[in-house]
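Each remark here refers to the structure printed beneath this line.
Laboratory data are not the source of any read-out in this text; all were calculated from the coordinates shown. All values derive from a computational prediction rather than experimental measurement. In this analysis, Cβ positions are derived from the backbone assuming ideal geometry, glycine residues included, and neighbour counts consider all displayed protein chains.
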Amino acid sequence: MMLRPRHTLIAVLLASLPVAAASAQNLDSLLARMTLEEKLGQLNLLSAGGKASPQQVDLVRRGLVGGLFNVIGTENTQAVDRVATTESRLRIPLLFGLDVIHGFRTIFPIPLAEASAFDPDLAEGTARAAGREAAAAGINWTYAPMVDIAHDPRWGRIAEGSGEDPYLGSLLAAARVRGFQESILATAKHFAAYGAAEAGRDYNTADISQRTVREVYFPPFKAAVDAGVATLMSAFNDIGGVPASGNAWLTDTVLRREWGFRGMVVSDWTSVAELIPHGIAASREEAGQRALTAGVDMDMQSSIYVETLAPLVRANRIPMAVVDSAVLRVLRAKARVAQLHPVAPNAVEIRALARRAARESIVLLKNDGGLLPLDKAAPAIAVIGPLADNRLDPLGPWHTEGKPEDVVTVLQGIKTRVPATTQVLYAQGAGIEDTSTAGFADAVAAARHAKVAILVLGERHDMSGEAASRSSLGLPGVQQQLLEAVAATGTPVVLVVMNGRPLILEWAAEHVPAIVEDWFLGVESGNATAEVLFGDVNPSGRLPVSFPRAVGQIPLYYNHRNTGRPPAADKFTSKYIDVPVTPRYPFGYGLSYTTFAYRDLKLSAARVGPADTLKVTVTVANTGTREGTEVAQLYVRDEVGSVARPVRELKGFRRVTLKPGEQRVVELRLAVRDLAFYGLDMKPAVEPGTFRVFVGPNSVEGLEAAFEVAYP
Ligand code: BGC
């Protein structure tokens, strides 16, 4: 079971009280007994290497550490927590943090993959399972969910989030917070606009308007706050010159005053110290003062608060009230930990959930001539590529305690599903970043002997995630040549791609009949992929992010503004002379082994008032020959506003599973208040006028209707 703060008066006190009551009197009286050094100690968060070092244990004993992260295993967490709760003067338990991003021991699909499922219930379930496993290893705080909206696939951290859409991102943020917080505290990160890093270069400046910050980057954070998230993490980047880890507008004005957030803000790794290279602080003291007074409560890994701020507080340069508020927020987080009731993880259930998650995350991008699903009984199938029998990379970035030996590879998944009469010919062909083509001959030979060649290509797990920006988005190394060499055999090719970001797959999109987007699917990667390849599972994932045709199109996202010269045949319109303006695969897109038709789009009213909710109904029919799941998507366009509105905005979706020939009336609700935006006065409001509604299979197709919003 997870470590609970025990054997201490304080912990018993905290555990016996509801969180709100615990904060009021008892925490105040605890605060009154603390020295300034002990207060700053509570704001100090340090990383350990698996277990606390002797120096860290000593700091804990002296009350100079509030939390540790990267301490794993209850023996290790309990050992150092025992020092905190029995040997430190105030006996305050520690927080134990970890980046539990998409699983702890059982690794689920990366968050971007899971976003493809358009299934908040799934996201809640995997977060809950990850929280249970982590809690059983002594962790009580995760640095997840990462809720940064991203428009730039060059940015490696796009893998950790939910893609480009604030509505989908908000639903998944709230779901993941609920899931984690059954067992451990969650952290919505990185506040804010980290995903707007210029040129997709990690840690880079974000220079975007306040309107865009509010409308695009804030909503998932607000959703996390509304779902009760315990903590937020301040980001590395600056917004228009003000770093997020010293930005009072973000962490005080918006987060605490506008949104009423009562939880704790933790800095990112040394992001307090980084205020110096950012150029807004000349010294560690100044950096600490700036961050703390902006509302960053816990200092991760800079040790600046604990080491430098006491003299400033004594000299009244930092009000004691600022320190006290931060300490109270940390203590309240600890009180919340004491209120958690972690459930013991059930390994069998969690593994089954990993399978479901992997199945739902796969997106079928292309399937010309119905090449897929494949016949299991084909005499020979070639399985080729550096990721075909690879156990490490399907774990993706941030795989914490995940182990390659838990991973089922695509080759294994295929082998266990075909009859003994089917020959499976495997050739690696090349390594992920190889420059050598020496292995091509074997791959080509395998393809020649087979009825179909499955190529499993893509990125290494650490080519996305933190500090993993790329300037080109093709297949790394010689994989593109490998694909072309195998395709040249004339054997039909199925391309399975594993990647932490949208890749540019132009040649494949033109020449390869079938493309399966796997992302990094985690431990059940090979089983889920094989099930999809053979049709045991009908793919239902939809892209949570646009796939560009060329790097030069980036940033590319579906909910852009129209411009005064929208792209058209005429030369002087907003487009490129060398590439179409559209994405290769748009947001919301994904195929199935069956087909769906949309009919009878109806709105419950043609005119609505600001407090109304419109009922949007549409009939979705399975017009093919297999059972399948469609994700019916509802988009809106506000025709005319005081400020130009996006060409489409997702406002609802529904997963519908239909048998062949079956049809269903799908109802989606559209609350008029959700049409609000930040007008010229920067206040959210729904402006009257005409709104177009689109309901369909992705962000570019669908049936269309319109309604008016009118004020009485
Ligand atoms: C990352 C955070 C992470 C932290 C702790 C930082 O480098 O930006 O997302 O939570 O490290 O590991």
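Along the range 688-693 the Karplus relation, 6.51 cos²θ - 1.76 cosθ + 1.60 evaluated at θ = phi - 60°, assigns HN-Hα couplings of x, x, 8, 10, 9, 10 Hz to successive residues, with x for each Gly and Pro.
Below 8 Å between Cα atoms, with a sequence gap of 6+, how large is the relative contact order for the chain in percent? Intermediate values should be presented prior to the final figure.
Values: 1854 pairs, mean separation 90.4, N = 712.
Relative contact order here is 13 percent.
Under a 5 Å amide H cut-off, with hydrogens placed 1.01 Å from N, residue 48 pairs with 69, 70, 71 among residues at least 5 apart or on other chains.
For the chain, the membrane-span-like helices by this rule, meaning whole DSSP H stretches whose C-alpha atoms cover at least 27 Å of axis and whose Kyte-Doolittle mean is 0.5 or above, are 320-339; this says nothing about an actual membrane.
Applying a 10 Å radius around every beta-carbon, put 426-433, 608-615 in order of their mean neighbour count, most first.
Ranking the peptides 426-433, 608-615 by packing returns 426-433, 608-615.
Here the Karplus curve 6.51 cos²θ - 1.76 cosθ + 1.60, taken at θ = phi - 60°, turns the phi angles of the range 547-564 into couplings of 9, x, 8, 8, 4, x, 7, 6, x, 10, 8, 6, 9, 7, 7, 7, 6, x Hz, with x standing for Gly and Pro. Less than 5 angstrom separates the built amide H of residue 535 from those of 374, all sequence-distant by 5 or more or on a different chain. Cβ crowding within 10 Å, taken as a proxy for footprinting-reagent exposure, orders 270, 106 from fewest neighbours to most as 270, 106. Based on the alpha-carbon gyration tensor of the range 113-181 and its eigenvalue square roots a ≥ b ≥ c, which shape applies: rounded if a/c is under 1.5, prolate if not and a/b is larger than b/c, or oblate? Here the range 113-181 falls in the prolate category.
Footprinting exposure proxy ranking of 496, 322, fewest other C-beta atoms within 10 angstrom first, gives 322, 496. Normalised size of the chain, defined as Cα radius of gyration per 2.2 N^0.38 Å with N residues, equals 0.98.
By the helix-only formula, in which each DSSP H run with n ≥ 4 contributes -39500 (n - 2.57) and the sum is divided by residues, the chain has a 222 nm mean residue ellipticity of -7500 deg cm²/dmol. Under a 5 Å amide H cut-off, with hydrogens placed 1.01 Å from N, residue 596 pairs with 623 among residues at least 5 apart or on other chains. Ranked by the mean number of other Cβ atoms within 10 Å of their residues, highest first, the peptides 511-519, 571-579, 63-71 fall in the order 63-71, 511-519, 571-579.
Descending by average beta-carbon neighbour count within 10 Å, the peptides 227-235, 46-54 line up as 227-235, 46-54, the highest first. Cβ crowding within 10 Å, taken as a proxy for footprinting-reagent exposure, orders 101, 107 from fewest neighbours to most as 101, 107. In whole angstrom, note down how far apart the Cα centers of the range 671-712 and the range 22-96 are. Distance between centres, Cα-based: 50 Å.
Rounded to the nearest whole Hz, the Karplus-based 3J(HN,Hα) values (6.51 cos²θ - 1.76 cosθ + 1.60, θ = phi - 60°) of the range 157-163 follow the sequence 7, 4, 4, 8, x, 10, x, with x at glycine and proline.
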